[in-house]
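Please treat every number below as a calculation from the coordinates, not as lab data. The model shown is predicted, which means the values in this text are computed figures rather than measured ones. FYI the Cβ positions are ideal-geometry reconstructions off the backbone, even for glycines, and counts take in every protein chain you see.
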C-alpha cells in the first residue's frame, strides 16, 4: 500500500502506475521462440496513440503560452524591472522559458514516435524475411 501525502502526490502515483501499465503491454510473458524478441504491434500502436495525445496536449499548452507571452505593464516598486525581466524570460521562447521547454518536449515526443515507427518497420521486415526463409510444406504431406 502506498502512502499519499497530498493530491499532487496521488496524481503522480496514478500517472506512474498508468505508465507502468502501458509499458507492461509491450512486455512478453514467457519464453520467446528461438531466443528472439517478440514485438506486440498492437501494444506499440497503443503507445503511439498515447504519444500523439500527449503531443496534442503539449501543443495546446504551447499555443496558450504564446498567447500569454505579452509584456507586463510597468510596475511602481523597486523590483518591477526585475519582475518584468524574469517573467519575460520564463514565459518566452528563449532558453529557460516555458515556450522553449514545451518545444523541446514536443521535439522529444516526435523523435520517440519516429523511433517507434522505425522499430516496427524493421521488425516487420525481419518477420517477413524469416517467413520467406521458412521452407514451404509439400501439399501432399
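Worth pointing out:
- The modelled label-to-label distance for the pair residue 38/residue 122, using points 7 Å beyond Cα in the direction of Cβ, is 2.1 nm.
- Projected label points at residue 104 and residue 5, each 7 Å from Cα along the beta carbon direction, are separated by 2.4 nanometres.
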